[in-house]
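A.B. asks: Structure below; questions to follow.
We did not get these values from a lab; they are worked out from the coordinates using the rules stated. Everything numeric here is computed off the predicted structure, so don't read it as measured data. Methodologically, a virtual Cβ is constructed for each residue, glycine included, from the backbone with ideal geometry; neighbour enumeration extends over all protein chains shown.
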Amino acid sequence: MGGGGPNRGGRPNNGRYVDQTRINERIRAPKVRVVDGVNHQQYGVLLTSQAIRMAKERGLDLVEVAPNAEPPVCKIVDYGKYKYTQEKHKKEAHKHQKGGKVKEMKFRIGIDPHDYQIKILHAEDFLAEGHKCRIQLQFRGRQIAHQELGHKLAKKIKEDLLTMGHVDQEPKMAGRNINMQISPLPEQQRHRKFKTHLKGVTEHKDPHYQHGHDPRENKHDEEDHHDDDHHDDHKSDGQSPPAAPPAEPAAES
């Protein structure tokens, strides 16, 4: 506060300038328009020397925030806190410019309704957080002969996420999978169909995320079984799978 250390207001640091913000005695204009950065009171146009004195009497700095205005606009603030806030805003703006990540969600054809519900909720989470969703629909065994089932599931997913995102890559076969991609709508246009409140981003809470893995992406995937193809063969032939052998009666004591 009140003038600060050697690197404030654009002073050199190892031959380089930290920033070019003019503060206190570095302000060149003889008069400035003064705004109190703490209580937002406007003091109007003052002599620069008078404004600097006002700031220092409160243990604060006079910071030039609009140098091209006539006269320049200055704020009475704690310069350290001011710079921290400015850097934070820059990082947030840069984050939004880069856009979200691409999250992958896998659905198996014939997915259990409960598993589907969990996955669609996670997809809503991702879109609400500004991420894209890459959807992969997986065929097993002879299910590949019934591609209409995959397209039917893709249509359902599109309809369920219609209020959160738009399809920028239509469903397309790739090997034994159908792939599509959904991007989030503008934030003010998003409306959650399955949740009324976003619980919050888990990225900073889950230790797995530190290694580049979001546990929601593949959470609740159906397990692969050795008899998947055999089981699907019966389904595709229109037959029911063989009944399990009856359990042996419990031994009497």
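A.B. asks: Viscosity 1.002 mPa s, temperature 20 °C: give me the Stokes-Einstein translational D for the stretch 109-201 in µm²/s, with Rh taken as the Kirkwood radius over C-alpha pairs. Write out the running numbers ahead of the final one.
C.D. replies: Values: Rh = 13.7 Å.
Translational D for this selection: 156 µm²/s.
A.B. asks: Counting pairwise Cα distances across the stretch 12-84, what percent come out greater than 13 angstrom?
C.D. replies: Tail of P(r) above 13 Å: 62 percent of Cα pairs.
A.B. asks: Let a ≥ b ≥ c be the square roots of the eigenvalues of the Cα gyration tensor of the stretch 52-179; is it rounded (a/c under 1.5), or, if not, prolate (a/b larger than b/c) or oblate? Show your work: numbers first, answer last.
C.D. replies: Details: a/c = 5.14, a/b = 4.01, b/c = 1.28.
It is prolate, given that a/c is not under 1.5 and a/b is the larger ratio.
A.B. asks: Just going by the charge dipole of the stretch 43-193, with Lys and Arg at +1 and Asp and Glu at -1 on Cβ, which of ASN68, GLN117, ILE178 is farthest out on the positive end?
C.D. replies: Result: ILE178, furthest along the dipole toward the positive end.
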